[in-house]
Each structure stands twice: as structure tokens, then as C-alpha cells.
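J.: This is the structure I have questions about; it appears just below.
The values are calculated or read from the model by the stated rules, or taken from the named source; none is laboratory data. Since the structure is predicted, the reported quantities are computational estimates derived from the model, not experimental observations. Using ideal geometry, Cβ is built from the backbone for each residue, glycine included, and neighbour counts are taken over all protein chains shown.
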Amino acid sequence: MTTSENGKWADYYAGHNRHLSNIILHFGYLLSILWRRPKTLLEIGCGTADHSLFLKKMSPKIELGLLDNDRKILDKAKQECGSAVSGIYPVDLLDCSAVQSLPFFDVVMSQGVMEHFDDSQFVQIIENFRGKAGLFIFSVPSDNYPTLDFGNEILRSKKDMLRLLSRVPDIDFTVSGYFDIGLKTKLVGARKRKWLLKKLYYLFFGSNHLVVKIWHQKEAHK
């Protein structure tokens, strides 16, 4: 999300209500973060911070930071989250010096953010967080996702993701899908497939999301 898009996302989230379904849909991704038991956690492109607040509730000792380049979003998050948040960071992810000025976090996370950047920006953001995170983990909609929700989403396949990550030196990474329970979205996607077997395979095994885990090699890889 670029600076020129500021305001659009604040408007998008203005009428947002927290829904348990948003947690359940991405539970596998969130569970993998809880399993790591981070002491410090930063959500980038935080939006309404639903996911990081859920993790804070599950593990109250986590020191939670929120980052976004839209000050309206951060102001609202600060107002709604109160003492649950330890730090608020108005930072552009593409600004290397600003990112490097951040404190170190055990986990840096995002959901539905990295698909808004082109290939060169995508790689740049990963580079920018070198030395700033023990684990950089994010979830993005895959090329199976049947719609464009908002903004300028680039829906990448697992192959695309592996290709991009291979351009970043000195990192270890994994890319995997996770099972989606978003039945409505799955049905939309299934209708777009011509053959019955492809419809059934997508419904039962296809993933609308990818989760990416990145360790810079000089950081501890657990």
C-alpha cells in the first residue's frame, strides 16, 4: 500500500466490525505464531489489528506493536486498543531507514498486505526488515482466490512466491497453503472451474491463501 492510497484504507475500515469468522478463517496462520511464543510482536499494515489483538488475548504477556503508513488507521487503532498495544509506528514499509529504526521483534506478521506490492517492492520490504525480526510471517491470498477485494491485489501462486523469495539473499523460507473454511468464497471459486473434478479438488484441497515464513539466516531459525 503506497502513501498515495492513504485515506482510502481508512475509509475502507471505517465501518469494520470485528468478526470471529476473520479469526477462524486464518486460524492455522495465527496458531503458527502462537506456537512460537513470541515475547514481542509487530503487525505491519495493521488495519483494524484484529489478528494481533486476538494473539494478545491468547497470550497476554506479548508486547504488541502496530505499524501502518496511514495515520488515521493508527489513531483509530490506538483509541480502540488502548493499553493492549505497547507501540504505534507510523512507517512506510518501503522506507528502509524508517524500518531499520524500529526495535527488534521476535515476530513480524501481516495478513492481506504483501499482495499490494509489485515484485520489486515485495523483495525490498523483506530486505528492509533484515535484522528486525526473528521470524517474518505473512499470509496472502493465492492465485486461487476468486475475487479482488479492495485495492491493487496481485494474486500470486506458490511458484510465483518461491521465485520472488529466491531473489532475496541470505534467507531461509517456507511457503505453504492452509485450508480455508470460507465456504462462500470457495463456492465462487468452484463455479469458475469448468470441470467437475477440478471443482471438487479445489473445494476440498485448494487453498485460497498462502502463508510465508522467512528467517534471515543470521537470526535464530527455530
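J.: Can you name the condition, by its number, that L55 falls short on among (1) touching a helix residue (DSSP H, G or I) at 6+ places or on another chain (Cβ under 8 Å); (2) at pLDDT 75 or above; (3) outside any helix (DSSP H, G or I)?
T.: For L55, the exception is condition (3).
J.: Name, by its number, the condition in (1) at pLDDT 90 or above; (2) among the hydrophobic types (A, V, I, L, M, F, W, C); (3) touching a Gly at 6+ places or on another chain (Cβ under 9 Å) that does not hold for M1.
T.: Here M1 clears every test but (1).
J.: Moving to a separate point now. Within the stretch 152-208, how many residues turn out to be modelled with pLDDT of 90 or more, part of a loop (DSSP other than H, G, I, E, B) and loosely packed, with under 12 Cβ neighbours inside 10 Å?
T.: 3
J.: For the stretch 78-90, give me each residue that is closer than 17 Å to I62 by Cα and either in a helix (DSSP H, G or I) or touching a Phe, Trp or Tyr at 6+ places or on another chain (Cβ under 9 Å) (or both).
T.: K78, C81, G82, S83, A84
J.: Report every pair of residues separated by at least 6 positions or lying on different chains whose Cβ atoms are under 8 Å apart, first residue within the stretch 18-39 and over 13 Å from G177 (Cα atoms), second modelled with pLDDT under 90 and surrounded by fewer than 15 Cβ atoms within 10 Å (Cβ to Cβ).
T.: Filtered contacts from the stretch 18-39: I24/I181; R36/K222.
J.: Looking at the stretch 20-56 only, could you name the residues that are of a type outside the set (A, V, I, L, M) and either in contact with a Lys or Arg (Cβ under 8 Å, 6 or more places away or on another chain) or within 21 Å of S207 (Cα to Cα) (or both)? Please lay out each step first, then the result.
T.: Taking the stretch 20-56 first, the residues of a type outside the set (A, V, I, L, M) are 21-22, 26-29, 32, 35-40, 43, 45-48, 50-52, 54, 56.
Of everything in the stretch 20-56, those that are of a type outside the set (A, V, I, L, M) and either in contact with a Lys or Arg (Cβ under 8 Å, 6 or more places away or on another chain) or within 21 Å of S207 (Cα to Cα) (or both) turn out to be S21, N22, H26, F27, G28, Y29, S32, R36, K39, T48, D50, H51.
J.: Give me the residue from the stretch 20-42 that is of a type in the set (A, V, I, L, M) and in a helix (DSSP H, G or I) and, out of that set, farthest from K56 (Cα to Cα). Break it down into steps so the answer makes sense when it comes.
T.: Here is the first cut: in the stretch 20-42, the ones of a type in the set (A, V, I, L, M) are 20, 23-25, 30-31, 33-34, 41-42.
Still in the running and in a helix (DSSP H, G or I): 20, 23-25, 30-31, 33-34.
Numbers: L20: 15, I23: 13, I24: 16, L25: 18, L30: 11, L31: 12, I33: 11, L34: 10 Å.
The selected residue is L25.
J.: Name the pairs whose Cβ atoms lie under 6 Å apart, with the first residue in the stretch 104-123 and farther than 17 Å from L41 by Cβ and modelled with pLDDT under 95, the second outside any strand (DSSP E or B) and among the small types (G, A, S), and 6 or more positions between them or separate chains?
T.: H116/G151
J.: Could you please find all residues in the stretch 48-70 being closer than 20 Å to G28 by Cβ and out of contact with any Leu (no Cβ under 9 Å at 6 or more places or on another chain)? Show your work before the answer.
T.: Our first condition is that a residue be closer than 20 Å to G28 by Cβ; within the stretch 48-70, this holds for 49-59, 62.
Hits for the stretch 48-70 are D50, K57.
J.: State all residues of the stretch 20-69 that are of a type in the set (A, V, I, L, M) and over 13 Å from A84 (Cα atoms); if no residue qualifies, say none. Steps first, answer last, please.
T.: Of the residues in the stretch 20-69, the ones of a type in the set (A, V, I, L, M) are 20, 23-25, 30-31, 33-34, 41-42, 44, 49, 53, 55, 58, 62, 64, 66-67.
Within the stretch 20-69, L20, I23, I24, L25, L30, L31, I33, L34, I44, L67 qualify.
J.: So which residues in the stretch 58-77 are part of a helix (DSSP H, G or I) and either surrounded by fewer than 15 Cβ atoms within 10 Å (Cβ to Cβ) or of a type in the set (G, A, S) (or both), if there are any at all?
T.: Pass one, the stretch 58-77, residues part of a helix (DSSP H, G or I): 58, 71-77.
If the condition is that a residue be part of a helix (DSSP H, G or I) and either surrounded by fewer than 15 Cβ atoms within 10 Å (Cβ to Cβ) or of a type in the set (G, A, S) (or both), then M58, R71, D75, A77 are the ones that fit.
J.: Next up: Considering each residue of the stretch 124-139, count those that are more than 15 Å from the chain's Cα centre (by Cα) and either without any contact (Cβ under 8 Å) to a residue 60 or more places away in the chain or not in a strand (DSSP E or B) (or both), and give that number. Let's see the steps before the verdict.
T.: Taking the stretch 124-139 first, the residues more than 15 Å from the chain's Cα centre (by Cα) are 124, 127-128, 130-132, 134.
Now narrow it down to the ones that are either without any contact (Cβ under 8 Å) to a residue 60 or more places away in the chain or not in a strand (DSSP E or B) (or both): 124, 127-128, 130-132.
Going through the stretch 124-139 one residue at a time, the tally reaches 6.
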